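Quick note: the coordinates plus some simple rules give every number you see, no bench work behind them. Treat the numbers as computed from the prediction; the structure is a model and nothing was measured. In this analysis, Cβ positions are derived from the backbone assuming ideal geometry, glycine residues included, and neighbour counts consider all displayed protein chains.
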Amino acid sequence: MPGKNHTAAAFTLTEMLIASALSLMVTAMVLTLLVKNLELWRDGMARLQLSEQSRLVRERVLHGLNGRFGLRHARRSQITVAADRVVFYDVAASNAFALRWPAGQPPVYLDQSGTQLLARGGAVVESAAIAAAGNILKIDFSLALEGGRRRLTQPQQIRVYLLNE
């Protein structure tokens, strides 16, 4: 139709460049927030896992593994304390058990059936101090876990009142 005037409404190149730049800025901000939240979530999950492993180690030390002998049932005469381990015997003094806290490795429980890990999921002993005073056995240890780009640690204290003879 040669006689009609066609005026097309469209965006100019400048308007398109400004809209693209604004879209890129908004996308960059959203991605930055997403990455930061993901880092926080990873750290939180690592802290939760470390806390759970510390609690499990404490419970396994005190109550034993799978219903077997734990420190809550030990007598003073049945316990031998070393720098990074506790060795004790059951009531019949026939089965020896040992708890070890080797630095840089998971804490372990040793008995006649073999070695069992007390902590899993990459948790390792950062430091351990074991002392016996009278009828109290005191175990201070710290578990560590790599969480994202950081090393997370959690100290634990176990105090056991040993049974008298």
- Longest to shortest principal axis, alpha-carbon extents of segment 48-135, angstrom: 37, 27, 19
- Query: How large is log10 I(q)/I(0) at q = 0.12, 0.13, 0.14 Å⁻¹ when the Debye formula is applied to the Cα atoms of the chain, each weighted equally and without solvent?
  - Reply: -0.64, -0.70, -0.77
- Note on the structure: Under the Karplus relation with 6.51, -1.76 and 1.60 and θ = phi - 60°, whole-Hz ³J(HN,Hα) for segment 104-109, x at Gly and Pro, equal x, 10, x, x, 10, 10
- Taking only Cα atoms, what is the 0 to 90° angle, nearest 10, from helix 13-63's long axis to the longest principal axis of the chain? 10
- Message: When a/c reaches 1.5 or more, the comparison of a/b and b/c decides; with that in mind, is segment 84-160 rounded, prolate or oblate per its Cα gyration tensor?
- Response: oblate
- Query: Per residue of the chain, what 222 nm ellipticity follows from adding -39500 (n - 2.57) for every DSSP H run with n ≥ 4, rounded to the nearest 500?
  - Reply: -11500 deg cm²/dmol
- Query: Among L99, L152, which comes first, second and so on when ranked by fewest other beta-carbon atoms within 10 Å?
  - Reply: L152, L99
- Query: Amide H to amide H, which residues 5 or more places from A74 or on other chains are under 5 Å from it, using H placed in the peptide plane?
  - Reply: L163
